[in-house]
Amino acid sequence: MAQINQHFLKLQAGYLFPEIGRRVSAFQKDHPDAPIIKLGIGDVTKPLAPAIVEAMHQAVDEMGAEAHGYGPENGYSFLTDAIREHDYQARGVKIAADEIFVSDGSKQDSGNIQEIFGTDCQISVTDPSYPVYVDTNVMAGRTGEADSEGRYEGIIYLPASEKNGFIPPPPDQRVDLAYLCSPNNPTGAVANRDQLGQWVQWARTHDAILIFDAAYDAFIQDPDLPRSIFEIDGARECAIEMRSFSKRAGFTGTRCAYTVIPKEVFGRSVKGEPVSLNALWGRRHATKFNSVPYVIQKAAAAVFSPDGAAQTAAQVADYMRNARLIREGLGGAGFSVFGGEHAPYIWMKTPNGLSSWDFFDQLLTRAHVVGTPGSGFGPSGEGYFRISAFNSQENVEAAIERIREGFGQ
Ligand code: MLT
């Protein structure tokens with residue numbers, strides 16, 4: 001028998017969302033008529049916008065008329081140019097075409113990026129955080145075992161709490177790689193310019209790399225809040241950014257995202273020589289990835305067309321209306337709720353001091369509502385619960401009513 005990667009055995013339980021799916025399926029099997037409302041995984045519930053569908057149809061026809069084989073591994077220029085213009089230039093940020101790497105998802109990118117760093121690198125995560133950051137570093141062998149609360153030895157956890165508005169300041173020590181997500185999954189908090197400025201300053205002082213996950217940038221409602229880490233002076237020398245079409249344009253089943261690595265951001269070799277992270281990621285991307293399908297990239301480019309932009313903005317507005325309904329509906333009933341103003345997630349304290357998973361189980365069995373236990377995102381998530389705004393208004397209103405009836409205080 002071949003020896004396995006022993007580090008995988010350190011992983012706690014299964015991946016969060018399949019575990020939720022397993023519990024929901026088991027309940028559904030025993031209660032086939034239960035009208036379950038899912039506000040768990042942040043998966044879109046609206047179909048692709050018409051402008052996107054039209055672009056896909058057209059691209060399929062083009063592929064039927066002439067061969068479109070392997071695309072450029074970093075993305076077609078029709079897409080990278082649209083990204084540069086609309087996501088960056090429009091906000092005063094200059095990004096070169098060869099600093100953008102189009103991919104099939106930010107989950108993959110945020111999980112794979114650690115590969116280009118040494119296994120001795122120390123990482124920090126805000127706690128709670130998207131589980132992919134921690135799990136992929138565990139798999140790579142950058143940690144020891146987890147303690148009884150699920151805290152892995154060797155990772156610096158930065159607690160996100162009510163006290164710091166769920167945006168922790170940078171660590172007071174050096175780490176090599178710091179993961180940061182704003183608008184935040186799972187807490188729904190958003191970092192302002194000063195807070196991101198502090199992180200950039202810290203990264204530059206400590207020669208650290210910020211891995212900035214901006215998958216939810218389209219949900220920011222205040223135009224003065226930064227959507228990109230590159231809106232902050234100095235970030236080009238220390239940050240890598242990930243953005244996605246998943247939530248902003250309904251691409252969770254279609255898959256398209258991108259990572260930006262400026263040419264000024266460097267790591268170092270064991271000999272201490274500077275190495276371009278842009279070049280290293282490019283090398284990795286070209287070796288392990290053969291570009292996002294032409295039809296999908298055409299669909300992604302259509303997100304930036306006038307119709308596509310208007311239609312996807314309307315979808316985001318609908319989800320954000322749901323977020324407001326949840327925030328106000330549960331807040332008004334006495335629950336402690338956070339987030340949901342610039343993000344599609346509401347972070348709530350579990351009622352009656354229940355643990356996150358106990359509340360999950362009670363909510364499922366008594367109210368037939370599915371959410372996500374906060375502890376699944378890290379030890380500081382214990383005692384909290386995430387509710388997603390991705391569903392119809394009707395379902396969201398029904399879920400709020402059931403939570404209020406079942407658990408109102
Ligand atoms: C979530 O619910 O946290 C996300 O949908 C998961 C993901 O984007 O992979």
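Is at least one residue of the stretch 349-358 crowded, with 24+ Cβ neighbours inside 10 Å, within 16 Å of the ligand (Cβ to nearest atom) and under 25 Å from the mean Cα position of the chain (by Cα)?
no
Answer with yes or no whether R255 is within 16 Å of the ligand (Cβ to nearest atom) and outside any loop (DSSP other than H, G, I, E, B).
Spelling it out, it is not the case that R255 is within 16 Å of the ligand (Cβ to nearest atom) and outside any loop (DSSP other than H, G, I, E, B).
Which condition does A218 not pass, out of (1) modelled with pLDDT under 95; (2) touching a helix residue (DSSP H, G or I) at 6+ places or on another chain (Cβ under 8 Å); (3) among the small types (G, A, S), if it passes all the others?
Every condition holds for A218 apart from (1).
Just to be sure, is A51 in a loop (DSSP other than H, G, I, E, B), under 30 Å from E397 (Cα atoms), in contact (Cβ under 8 Å) with a residue 12 or more places away in the chain and more than 16 Å from the ligand (Cβ to nearest atom)?
Taking the combined requirement at face value, the residue does not satisfy it.
Being away from the ligand (no atom under 16 Å from the Cβ) and surrounded by 14 or more Cβ atoms within 10 Å (Cβ to Cβ) is the requirement here; does I83 meet it?
Yes.
Please tell me if V396 is crowded, with 23+ Cβ neighbours inside 10 Å and either touching a strand residue (DSSP E or B) at 6+ places or on another chain (Cβ under 9 Å) or hydrophobic (A, V, I, L, M, F, W, C) (or both).
Judged against the criteria, V396 is a match.
From the set of residues in the stretch 362-409 that are of a type in the set (G, A, S) and outside any helix (DSSP H, G or I), which is farthest from E149 (Cα to Cα)?
S392
Considering each of G374, G383 in turn, give the residue that is more than 18 Å from A333 (Cβ to Cβ) and either within 16 Å of the ligand (Cβ to nearest atom) or hydrophobic (A, V, I, L, M, F, W, C) (or both).
G374
Would you call D120 in a helix (DSSP H, G or I), among the charged types (D, E, K, R) and out of contact with any Lys or Arg (no Cβ under 7 Å at 6 or more places or on another chain)?
No: the conditions fail for D120.
Scan the stretch 300-312 and tell me whether some residue there is touching a residue at least 60 places away in the same chain (Cβ under 8 Å), crowded, with 22+ Cβ neighbours inside 10 Å, in the same structural domain as N391 (by TED's automatic domain parsing) and touching a Lys or Arg at 6+ places or on another chain (Cβ under 7 Å).
yes
How many of the residues making up the stretch 1-38 are of a type in the set (V, I, T) and exposed (fewer than 10 other Cβ atoms within 10 Å of the Cβ)?
1
Out of (1) more than 28 Å from D217 (Cβ to Cβ); (2) out of contact with any Pro (no Cβ under 7 Å at 6 or more places or on another chain); (3) within 16 Å of the ligand (Cβ to nearest atom), what's the single condition that is false for D361?
(3)
Among the numbered criteria (1) surrounded by fewer than 19 Cβ atoms within 10 Å (Cβ to Cβ); (2) touching a residue at least 24 places away in the same chain (Cβ under 8 Å); (3) within 27 Å of E85 (Cβ to Cβ), which one does R321 miss?
(3)
Among the listed residues S106, S110, S77, which satisfies the condition of being more than 13 Å from E241 (Cα to Cα) and hydroxyl-bearing (S, T, Y)?
Only one candidate passes the filter, namely S77.
The values are calculated or read from the model by the stated rules, or taken from the named source; none is laboratory data. Since we're looking at a predicted model, the values are computed, not measured. Counting neighbours? That spans all protein chains shown, and the Cβs are built from the backbone with ideal geometry, glycine included.
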